[in-house]
1. Can you tell me which residue in segment 268-305 is farthest from residue 234 (Cα to Cα), limited to those that are part of a helix (DSSP H, G or I) and charged (D, E, K, R)?
2. Which residue out of 285, 302, 328 is in contact with a helix residue (DSSP H, G or I) (Cβ under 8 Å, 6 or more places away or on another chain), surrounded by 15 or more Cβ atoms within 10 Å (Cβ to Cβ), within 30 Å of residue 354 (Cβ to Cβ) and not β-branched (Val, Ile, Thr)?
3. Can you name the residue in segment 407-430 that is of a type in the set (Ser, Thr, Tyr) and either assigned to a loop (DSSP other than H, G, I, E, B) or touching a helix residue (DSSP H, G or I) at 6+ places or on another chain (Cβ under 7 Å) (or both) and, of all such residues, is surrounded by the fewest Cβ atoms within 10 Å (Cβ to Cβ)?
4. In segment 197-243, what residues are open to solvent by 50 Å² or more (accessible area, probe 1.4 Å), touching a residue at least 40 places away in the same chain (Cβ under 8 Å) and among the hydrophobic types (A, V, I, L, M, F, W, C)?
5. When you check residue 353 against the structure, is it touching an Asp or Glu at 6+ places or on another chain (Cβ under 7 Å) and modelled with pLDDT of 95 or more, yes or no?
6. Tell me which residues, restricted to segment 250-265, are under 24 Å from the mean Cα position of the chain (by Cα) and either buried (at least 21 other Cβ atoms within 10 Å of the Cβ) or not aliphatic (A, V, I, L, M) (or both).
7. Among residues belonging to segment 39-79 that are acidic (Asp, Glu) and modelled with pLDDT under 95, point out the one that is surrounded by the fewest Cβ atoms within 10 Å (Cβ to Cβ).
Amino acid sequence: MWGGRFSARPADIMQAINVSIGVDRRLWAQDLAGSRAHCRMLAAQKIITGADAEAILGGLDAVEAEIRDGTFPFRDQFEDIHMNVEARLAELIGEPSGRLHTARSRNDQVATDFRLWVRAACDAAVEQLKGLQSALLVRAEQHAGDLMPGFTHLQPAQPVTFGHHLMAYVEMFGRDAGRFADARARMNENPLGAAALAGSPFPIDRHMTAAELGFDRPMGNSLDAVSDRDFALESLAAASICAGHLSRLAEEIVIWMTPQFGFVTLPDDLTTGSSIMPQKRNPDAAELVRAKTGRIMGSLVALSTVMKGLPLAYSKDMQEDKPPVFEAFDALTLALGAMTAMVAALQPNTERMREAAGSGFSTATDLADWLVRELNLPFRKAHHVTGAAVKRAEALNVDLSQLPLAELQSLEAGVTEAVYKVLTPEASCASRQSFGGTAPEQVRARIAEWKTRL
């Protein structure tokens, strides 16, 4: 490729560290799309002849057919996907192939290819997230009124419904989809035509190539166009946050499946056994989703570290931009698919969750709220009275709903029999009617809204 300037071939170690075709061959479809757009633009601007453009486009079709058929000769000696395609094009059509690279560089070529790939990956992530949200909505609607304990610090806090708990993840994954969509909108500018770093002296039409490749506009600065990898970093940030949400849900599934909790089970085809302990049913899919998160977050750190000290414009360091992005989105795709399957197959033990919903004095806040509403106590005093009531119930080994009225009246004289109406988990949940609360009516309203959105 640069034989006019160099008289010696690269050393073996130089070739080994420089070659990237093993990684960037995944960009073949994007590379062909960019080359076709560039070729058509060159012909439209009369930079190359119509005959040469026709030969190039026919050759690119032949290259695509070979790649799809698995007969394309990917060769390390040509370093990357761009030179592999160009070399094969020369073998197929001869001299016209050399005109394709007019008014472009591998710098703007790879920036365009990579941007197209990441854009498609963000679109795919949004679609997968919608599928996961839909699975969660089905489950949430089935269990909008089924009680479970809500936790803070992993300690029983207040009763909620299982549907409400699942809807929390619908909200999270909705924000994740929004982050991918935002990243896509910002990245949807075309680097092609920036050439090596300074633009081109040829009368190219960058708006034409932008339109053909589905970009909103050309990038406005040629230096930025070839050196920017913000789009990859932002997409990795979105993937990392999304993976964090997946990991939280995976962790809850792992906890819920323990015999100590016993809230849910997964079917045989989504669990594994043990090579030595016959009784085991392990939630390995959830555990692996949890582990994939580390790889996704690590990819963001890896690319951030590559980019942090690079001067403008292009440096070969940026060849290392693709492995972390490919790895992260591969892992995210797998994790989203696995989580969607688990949510669809979860078998909740509603009786066990209902039993646990009333444990740990989970209606204590309801007692405090009743004291404020009915007896006009300041909340801090009501909190103190309730704490004393919990302490007394603990001593008697009973729940708050079983604490004798006389005991409650000894702590606050105005307490009446009516207080027991708020001390059940069902009453607690039903009372949380504020927007976004756990009352089943509120949960069902939010489910209906998300169904419309999706």
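1. Among those residues, the one meeting the criterion is 268.
2. 285 is the lone residue from the list that is in contact with a helix residue (DSSP H, G or I) (Cβ under 8 Å, 6 or more places away or on another chain), surrounded by 15 or more Cβ atoms within 10 Å (Cβ to Cβ), within 30 Å of residue 354 (Cβ to Cβ) and not β-branched (Val, Ile, Thr).
3. Looking only at segment 407-430, we keep the residues that are of a type in the set (Ser, Thr, Tyr), and these are 410, 416, 420, 424, 428.
Okay, now just the ones that are also either assigned to a loop (DSSP other than H, G, I, E, B) or touching a helix residue (DSSP H, G or I) at 6+ places or on another chain (Cβ under 7 Å) (or both), so 416, 420, 424, 428.
Details: 416: 12, 420: 18, 424: 19, 428: 26.
Per the stated criteria, the residue is 416.
4. Once the filter is applied, which keeps residues that are open to solvent by 50 Å² or more (accessible area, probe 1.4 Å), touching a residue at least 40 places away in the same chain (Cβ under 8 Å) and among the hydrophobic types (A, V, I, L, M, F, W, C), segment 197-243 yields 197, 202, 208, 223, 241.
5. In short, yes.
6. 250, 251, 252, 253, 256 - these are the residues of segment 250-265 that are under 24 Å from the mean Cα position of the chain (by Cα) and either buried (at least 21 other Cβ atoms within 10 Å of the Cβ) or not aliphatic (A, V, I, L, M) (or both).
7. Initially, segment 39-79 is screened for residues acidic (Asp, Glu), giving 52, 54, 61, 64, 66, 69, 76, 79.
Right, trim to modelled with pLDDT under 95 and you get 76, 79.
Numbers: 76: 14, 79: 20.
Residue satisfying both the conditions and the ranking: 76.
Let's see how each residue does on (1) over 33 Å from the mean Cα position of the chain (by Cα); (2) in contact (Cβ under 8 Å) with a residue 24 or more places away in the chain:
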residue	(1), (2)
374	yes, yes
379	yes, no
385	yes, yes
388	yes, no
391	yes, no
396	yes, no
408	yes, no
418	yes, yes
445	no, no
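The values are calculated or read from the model by the stated rules, or taken from the named source; none is laboratory data. Nothing here was measured: the structure is a model prediction, and the numbers come from that model. Neighbour counts run over all protein chains shown; Cβ positions are idealised from the backbone, glycine included. Surface areas here come from the heavy atoms of the whole protein model, side chains and all, with no ligands, DNA or RNA. Shrake-Rupley method; radii C 1.70, N 1.55, O 1.52, S 1.80 Å.
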